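Here's the structure, in structure tokens; my notes come after.
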Amino acid sequence: MKYYCMTLFPEMIEQAMNTSIIKRAMENGILDLETINIRDYTNNKHGRVDDYTYGGGAGMLMQAQPVYDAYQAVKEKMNGQTTRVIYVTPQGRPFHQQAAAELAAEEQLIFLCGHYEGIDERVLEEIVTDYYSIGDYVLTGGELPALVMMDAVARLVPGVLNNEESATTESFYDGLLEYPQYTRPEEWMGRRVPEVLLSGHHANIEKWRLEQSIERTRQRRPDLYEKKYGGEK
């Protein structure tokens, strides 16, 4: 998987991605990241990439020209290949585990990170293929949502996780939240590990885990529970 990230703050993306599991995957050649500083492509002699909005209003807007030229530079690197261009915005469709799995099937992805009051609509219409939101709130820029998406997608790329089973047993994989988990010691501050987990009886353990996932989803995310079971449970 190759990520291209168009941003005004490439160091923010690079620092976050060069840690932990993601760093290891890049060192092993499973993932690749290239940041593109949009500011490098402005025609403004002062390096500006924003201007006032037509019609008035608060704040500044990123201009179409530097974003488009940065995109053209990415296209040249891709040798004519086409790929999805993702713009992270509160106006996008919700990002969830199923969307991460869909994107993980791609060989490369381009992320576009906005700032200020957003980006000139004309360039969005020209280059963006997917609009995604990580939640109903507003952040100062698109870098954090892009990092969230890149991390979620990366974990589903074969070879990124040491234990390939991890990605298939976590929350949301099957529409349920993950069951509670425990490690040593068997008792901590008067709280014991559930006996079933110490039994070695794998069928009973799997049954317990499913029951716990269902109940946890019912209590903490009734919307997911209703979506999966409706009136069945």
To the nearest 20 debye, segment 97-230 has a Cα-centred charge dipole, built from +1 on Lys and Arg Cβ and -1 on Asp and Glu Cβ, of 900 debye
For segment 171-229, what is Rg from Cα atoms divided by 2.2 N^0.38 Å, rounded to two decimals?
1.26
Ranking Gly114, Leu103, Val128 by how far each Cα lies towards the positive end of the charge dipole of segment 82-142 (+1 on Lys and Arg Cβ, -1 on Asp and Glu Cβ), the top one is Leu103
In debye to the nearest 20, how big a dipole does the chain give about its Cα centre with +1 on each Lys and Arg Cβ and -1 on each Asp and Glu Cβ?
480 debye
So for segment 122-222, using the alpha carbon gyration tensor with a ≥ b ≥ c as root eigenvalues (a/c under 1.5 gives rounded; past that, a/b versus b/c decides prolate or oblate), I'd call it prolate
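Provide Leu112, Leu210, Leu224 in ascending order of the number of other Cβ atoms located within 10 Å of each residue's Cβ, fewest first.
Listed from fewest to most nearby Cβ atoms, that is Leu210, Leu224, Leu112.
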Stretched out fully, how many nm does the piece from Ala105 to Glu226 gain, at 0.36 nm a residue minus the Cα gap?
40.7 nm
What pairs in Lys2/Lys77; Lys23/Lys75; Lys45/Lys77; Lys2/Lys75 have C-alpha atoms more than 23 Å from each other?
Lys23/Lys75; Lys45/Lys77
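Given only helices, namely DSSP H runs of n ≥ 4 each adding -39500 (n - 2.57), what is the per-residue ellipticity at 222 nm of the chain, to the nearest 500 deg cm²/dmol?
Calculated at 222 nm, the ellipticity per residue is -11000 deg cm²/dmol.
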For segment 1-42, with equal point scatterers placed on the C-alpha atoms only and solvent neglected, what are the log10 I(q)/I(0) values from the Debye formula at q = 0.18, 0.32 1/Å, to two decimals?
-0.50, -1.08
In segment 191-233, which GluC sites (Glu not before Pro) are in a loop and have at most 11 other Cβ atoms within 10 Å, using DSSP for the loop call?
Glu232
Restricting everything to alpha-carbon atoms, can you work out Rg to Rh for the chain with a Kirkwood hydrodynamic radius?
1.07
Counting Lys and Arg as +1 and Asp and Glu as -1, what is the net charge of the other residues whose Cβ lies under 9 Å from the Cβ of Ile22?
+2
For the chain, averaging the sequence separation of alpha carbon pairs under 8 Å that lie six or more residues apart and dividing by its residue count, the contact order in percent is 19 percent
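Using the 10 angstrom Cβ neighbour count as an exposure proxy, how do His96, His202, His115, His46 rank, fewest first?
Details: His96 14, His202 8, His115 21, His46 5.
Least crowded to most crowded, the residues run His46, His202, His96, His115.
No lab work stands behind these numbers, since they all come straight from the coordinates. Please read these numbers as outputs of a predicted model, since none were measured by experiment. Backbone-built Cβ (ideal geometry, glycine too); neighbour counts: all protein chains shown.
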